[in-house]
Amino acid sequence: MGAGSVLLMETSDSTPSQSAFASADRGSPPRTLLRARTPADIAAFVPLALGFLPEHSVVMVSTGAPGGMQARVDLPHDPDDVDDVVEALLRPARRHGVREVVIVIYDDDTTVADEAAWAIHEEFGEAGVEVREVLRVHDDHWYAVLPGAPLAAYRGVPFELAEHPFTAQAVFDGRVTHASREALRASIALDAVLAREVEDEICSAATLPAGALGALVRRHLATGTRFTRAELATVALTVTAGALRDEAWAWLGRADARGAVELWSDAVRRLPTSHVAAPAAVLAFAAWLAGDGALAWCAVDRCHDVDPDHSLAGLVAQLLESATSPDDWEVLRPRLGGTADPAA
């Protein structure tokens, strides 16, 4: 970044993650417009935008226009696979009309990192997308990649993420940043002790009648409470059927999304593997709607580990891969039909 250069970066809209994409504005925390004046500012922005500290990744952040977009893809081990990274990032940038970006590469392998950086710089430029800055981040240091930086920047400049003003702002806004994607995944992992308790209840539970699941979910969202053990057992049986499952998610709006994430995250942690697929798919949708693309992908993975062909998880994966904004949900809902589930 040149002297006096300022990049406007917003903690909102798309935060694609994994080897595909997610859309997001991080849910209920307020949208915050941040002004990045230094490479350290950019390095501090990425973890709070994604919700976790990336590893072995390429991150793209749009700048300048309102409604920011962030995307993360896995960095390949082989330089010959860099073209796939470029295409994975350029596709959503084109789709959303992004005009300028910064690129941050998380890795200690300068060979692959540099190959990715220059390939992105070249291909994006040919596509009319300006690459304002490219950084490599590793071990609490940022490194310059593009020409024109001071020599010390290529050797590595230390920065303290925990002490950066952006991190303080994120805490003030109520944003949670996990230490890694694995830490985020662990936040919805199986709690074996609680799952055994619910499993015992499932043996004697019955499916809820039509309308009851929707009413139950609405009540818990209104009060900020969680399913009791007996309720969760009946919910686990009820959400396996398409029409009844829709009562859990098809009516949700942006205002409900964060509460739904908390409700279904708790449910997914407490359910045995045999009954987690459908609740995990509902969580995935709620996370996408809340703007938490990284969590949405983790929930899709939990569902697909049990049921690779689950229709709702597949729908959420499509929304994530296309970097569809949750702001578009009210437009999309009627197009998907009365149930909003293409397989119901």
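Restricting attention to segment 171-187, does a residue exist that is surrounded by 14 or more Cβ atoms within 10 Å (Cβ to Cβ), free of Cβ contacts under 8 Å to residues at least 40 places away in the same chain and under 19 Å from Asp256 (Cα atoms)? Among the residues of segment 171-187, not one is surrounded by 14 or more Cβ atoms within 10 Å (Cβ to Cβ), free of Cβ contacts under 8 Å to residues at least 40 places away in the same chain and under 19 Å from Asp256 (Cα atoms), which makes the answer no.
Segment 260-344 holds helices (runs of 4 or more DSSP H) entirely within its bounds, and those carrying 1 or more residues that are among the small types (Gly, Ala, Ser), at pLDDT 85 or above and under 12 Å from the mean Cα position of the chain (by Cα) map to 277-290, 293-306, 311-321. Of the candidates Ala212, Ala195, the single residue that is touching a helix residue (DSSP H, G or I) at 6+ places or on another chain (Cβ under 7 Å) and small (Gly, Ala, Ser) is Ala195. Return yes when Ala222 is crowded, with 16+ Cβ neighbours inside 10 Å, at negative phi and out of contact with any Lys or Arg (no Cβ under 8 Å at 6 or more places or on another chain) and no when it is not. Considered against the rule, which asks whether it is crowded, with 16+ Cβ neighbours inside 10 Å, at negative phi and out of contact with any Lys or Arg (no Cβ under 8 Å at 6 or more places or on another chain), Ala222 comes out as no. Every condition in (1) more than 16 Å from Leu53 (Cβ to Cβ); (2) among the aromatic types (Phe, Trp, Tyr); (3) modelled with pLDDT under 90; (4) surrounded by 14 or more Cβ atoms within 10 Å (Cβ to Cβ) is met by Tyr143 except one, and the failing one is (3).
Scanning segment 309-331 for residues that are among the small types (Gly, Ala, Ser) and out of contact with any helix residue (DSSP H, G or I) (no Cβ under 8 Å at 6 or more places or on another chain) returns Gly314, Ser325. Would you be able to say whether some residue in segment 227-245 is in a helix (DSSP H, G or I), of a type in the set (Val, Ile, Thr), in contact with a helix residue (DSSP H, G or I) (Cβ under 8 Å, 6 or more places away or on another chain) and crowded, with 22+ Cβ neighbours inside 10 Å? Checking segment 227-245: at least one residue is in a helix (DSSP H, G or I), of a type in the set (Val, Ile, Thr), in contact with a helix residue (DSSP H, G or I) (Cβ under 8 Å, 6 or more places away or on another chain) and crowded, with 22+ Cβ neighbours inside 10 Å. Considering (1) closer than 26 Å to Leu332 by Cα; (2) part of a helix (DSSP H, G or I); (3) not basic (Lys, Arg), the lone condition that Trp251 does not fulfil carries the number (2). Scanning segment 112-140 for residues that are part of a loop (DSSP other than H, G, I, E, B) and surrounded by fewer than 16 Cβ atoms within 10 Å (Cβ to Cβ) returns Ala127, Gly128, Asp139, Asp140. Checking each residue in segment 94-111 for being surrounded by 22 or more Cβ atoms within 10 Å (Cβ to Cβ) and over 20 Å from Ala36 (Cα atoms) picks out no residue at all. In this structure, does Trp264 turn out to be among the aromatic types (Phe, Trp, Tyr), touching a residue at least 40 places away in the same chain (Cβ under 8 Å), in the same structural domain as Ala206 (by TED's automatic domain parsing) and surrounded by 24 or more Cβ atoms within 10 Å (Cβ to Cβ)? No, not satisfied.
The values are calculated or read from the model by the stated rules, or taken from the named source; none is laboratory data. No experiment lies behind these values; they were computed from the predicted model shown. Because the Cβ atoms are built from the backbone with ideal geometry, glycine has one as well, and the counts that use them run over all protein chains shown.
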